[in-house]
1. Once phi is turned into ³J(HN,Hα) by the Karplus curve 6.51 cos²θ - 1.76 cosθ + 1.60 with θ = phi - 60°, what whole-Hz value does each residue of the stretch 299-307 show in order, with x for glycine and proline?
2. Regarding the stretch 364-452, what whole-number volume in Å³ per residue does the convex hull of its Cα atoms give?
3. If you keep only loop residues by DSSP, which GluC sites (Glu not before Pro) in the stretch 191-235 have at most 11 other Cβ atoms within 10 Å of their Cβ?
4. Which of Pro322, Trp511, Cys335 sits closest to the plus end of the dipole of the chain, meaning its Cα is farthest towards the positive end, when Lys and Arg get +1 and Asp and Glu get -1 on the C-beta?
5. Where a Cα-Cα gap under 15 Å defines reach, which aspartates and glutamates qualify for Lys105, not counting those fewer than 8 residues away within the same chain?
6. Whose amide H sits under 5 Å from the amide H of Ala447, counting only residues 5 or more places off or on another chain, with H placed in the peptide plane?
7. Report, in debye and to the nearest 20, how large the dipole of the chain comes out about its Cα centre when Lys and Arg carry +1 and Asp and Glu carry -1 on their Cβ.
8. Can you pull the three principal axis extents for the Cα set of the stretch 160-224, in Å, largest first?
Amino acid sequence: MRPYLILSFILLTLFSCRKDNIELVNTNIDIPQPTISVEVDGHGFVFDQNGDGIEGASVSLGAENTLTNELGYFEIKALTRDDLATFKVEANGFFSSFPSIRPIKEKTHQLNIQMQRRELTKTLSSQTGGTATLSNGSEVSFAANAFETIDGTAYSGNVNVYSYYLDPTREDLYEVMPGNLTAVNQESEIQLLESFAMLNVELETEAGEALQINQDAQLVFDIPEALIANAPSEIPLWFFDEQSGYWVEEGKAQLNNGVYVGDVSHFTFWNCDVPNDFIELTGQVVDPRAESVFQVCVTRVSTGTEICTHTTEDGYFDGFVPNDEDLILNVYDHCRTPLYTANIGPYSENTNLGLITVSANSSVSSISGLVVDCDGNPVSNGRVYVKLDNDPLAQMITVDADGSFSSLISVCNSTEIIIKAFDLENLIESDALTYPVESNIDIGTVAACGNQITIGVEFDFEPDFNQLYTPVTLTRPSQNPQDSAHTYEFVYTADFGGSNKVIYTHTFINWTASATNPLWASAYSTEIFGAPDEILVPAGGDIQVLEYGQEVGDAFIIEMTNANATIENTQTGEVTTYAGGVIRFSGVIQ
């Protein structure tokens, strides 16, 4: 194993896209520390490459974590560094994603996060090494006997190489790439990157154990044709640091026959970039009809490269652009239909563009209405989900405290929209309702009523095992206000007819009694009556609360992700094991 120089003032801990893959890398680059912490309020959708929402994706920010719902939607609020807020998004079967935003104080940020499927590129022998080639011609080459486990033990066996190439010219780059192209160079200076190619590589044993390398590997980056003319003969390499959200300079790549070739000493996301000095550009985009989220993009005239960000719900944006450059500002709607364009710059200092009013456009409609509960009372904690008939992505609108809402939505030349209204206080949603697309869509009064969120215990181990146990009884035994821990007890029954049944009791304890900084433990017990056909045994898993009720009548929803379960057939003695699933406990406290 190669020696490391440990510096007294900094040790960067890098995490790969799998949370169990940890590599310690030491460098003399000092990543800036945040001066203050700010509360960031974020929401959005997590979806796959086809635009389909991903249910059960884990979204983390700071010390907080949440899961996406069946639509791929999430909401999260957390304290994070003031200069760069980096989210971590994980989902089974996908590479992890690390979108970053510039926090704007007391504003709600919207994110659209596209996940890339984690597909095997090649299996090779650790003894011989070899080359894994991607579909676009990019490559990663390994020396013989160059692999080790995370604890530094030499590894001998087959190596699974997972990788994907990210084209920096794609329009949806900022929905896919980690970070936001802010970086720290060898002199510990903050820079803004101009990317020419990106490549992510992960290594595993055949059993799924994460691997790293103890000898340099060679990366070959394909360069998009549109960027070849401006590609320098030598370019710095940068890796993504999940902890800070910055790209960090390490090494160089050489231009060789239209590709960049460079050596790397560890694996994470790698990027070929030209660094630039920058200024901070802020402003607000408004439409006279209502508030909305817009995409703001700035194009560097000299190279044609583009930098994009989304506004907050009330139109504010904050980002970095190259200084002393002629720029083009474009504002787009959800469908990337142009709403506004202007030549701006060059700037030598931070600049606020002030108010930017976008013209009315047929691709944008206003939508308004009132959400009420099953008794006709206004819903104070609600959402309205909007889905277009010809667009895979969706939009979510937050209702006001009086149940009303008014917003702009991109309609993308659709003829119909589908909406659902949610009452988050009572955990009820409406049926899907269809409305024609008009310039002003008034849905009137809609009742978030008809579909209660399922109460019970659900085992979700796709595609092999899905089982819902209902009804469920939820209590908080011996709970007093002065107690130092919160205890929740779920009781549910597997009924096999007659007197044959198994009663399960699953207990969760939060030792800190804090919803924001919990420390959960769990235990379960069974009572067996008669001769049930099978006995289910849940095991392990990461605990995450989705709804933290504490009083009688409150809903409480808790999940165990990455969980295991076994089913014992009592007739044959055969045991079937399921791994990597979700066990969801939902109930109303009695």
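1. The phi angles translate into 9, 7, 4, 5, 10, x, 6, 10, 10 Hz.
2. Each residue corresponds to 77 Å³ of Cα convex hull volume.
3. Loop-located and lightly packed - Glu206.
4. Checked the options; the winner is Trp511.
5. Glu39, Asp41, Asp82, Asp83, Glu313, Asp314, Asp318
6. Sorted by chain and number, the residues that satisfy this are Val372.
7. 340
8. Computed over the stretch 160-224, the largest-to-smallest principal extents equal 38, 31, 20 Å.
FYI, it's all coordinate maths here, none of it is from the lab. Given the structure is predicted, the values throughout are model-derived calculations rather than measurements. Cβ sites come from the backbone with ideal geometry, for glycine too, and all protein chains shown count toward neighbours.
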